[in-house]
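The structure under discussion appears below in the form of structure tokens.
The values are calculated or read from the model by the stated rules, or taken from the named source; none is laboratory data. Just so it is clear, the structure is predicted and the values come from calculations on it, not from any experiment. We place every Cβ from the backbone using ideal geometry, glycine too, and count neighbours over all the protein chains shown.
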Amino acid sequence: MNFIATIAINRKNGVADPEGNTILEALKRLSYSNVKFVKAAKLFKVGIEGDEENSVRKTLEEISQRILSNPIIENFEIISIVTIQSAGKK
């Protein structure tokens, strides 16, 4: 089976977020004073094959921990795993 997963990578609490802070400062300069914080994050879409969702989830967790995130300063969250049909199959 084929799957598409969406994975978010966020900075851990207490870790500086210069990109989010820069965006917040720009918003305040543009008179968006009601915005209280901005957190920058990365979002990945991963196409993956597997026999069933649980084994795919385990692989995605390994990929997220080892490659997509820096576990010292970032957390990851698998937001969704969606089954897709292969081209030519019904």
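Looking at region 60-70, which of its residues are of a type in the set (A, V, I, L, M, F, W, C) and either more than 12 Å from residue 42 (Cα to Cα) or modelled with pLDDT under 95 (or both)?
The answer is 60, 63, 67.
From the list 73, 84, which one is modelled with pLDDT under 95 and either within 22 Å of residue 14 (Cα to Cα) or hydrophobic (A, V, I, L, M, F, W, C) (or both)?
Exactly one of 73, 84 is modelled with pLDDT under 95 and either within 22 Å of residue 14 (Cα to Cα) or hydrophobic (A, V, I, L, M, F, W, C) (or both), namely 84.
Can you report the number of residues in region 29-55 which are of a type in the set (D, E, K, R) and surrounded by 12 or more Cβ atoms within 10 Å (Cβ to Cβ)?
Selection size over region 29-55: 3.
Can you tell me which residue is surrounded by the most Cβ atoms within 10 Å (Cβ to Cβ) among those in region 1-26 that are assigned to a loop (DSSP other than H, G, I, E, B) and in contact (Cβ under 8 Å) with a residue 24 or more places away in the chain?
Among those that are assigned to a loop (DSSP other than H, G, I, E, B) and in contact (Cβ under 8 Å) with a residue 24 or more places away in the chain, it is 1.
Go over the candidates 56, 38, 82, 46 one by one and state the one that is part of a loop (DSSP other than H, G, I, E, B) and of a type in the set (A, V, I, L, M).
38
Can you tell me which residue in region 59-74 is surrounded by the most Cβ atoms within 10 Å (Cβ to Cβ), limited to those that are in contact (Cβ under 8 Å) with a residue 40 or more places away in the chain and outside any helix (DSSP H, G or I)?
69
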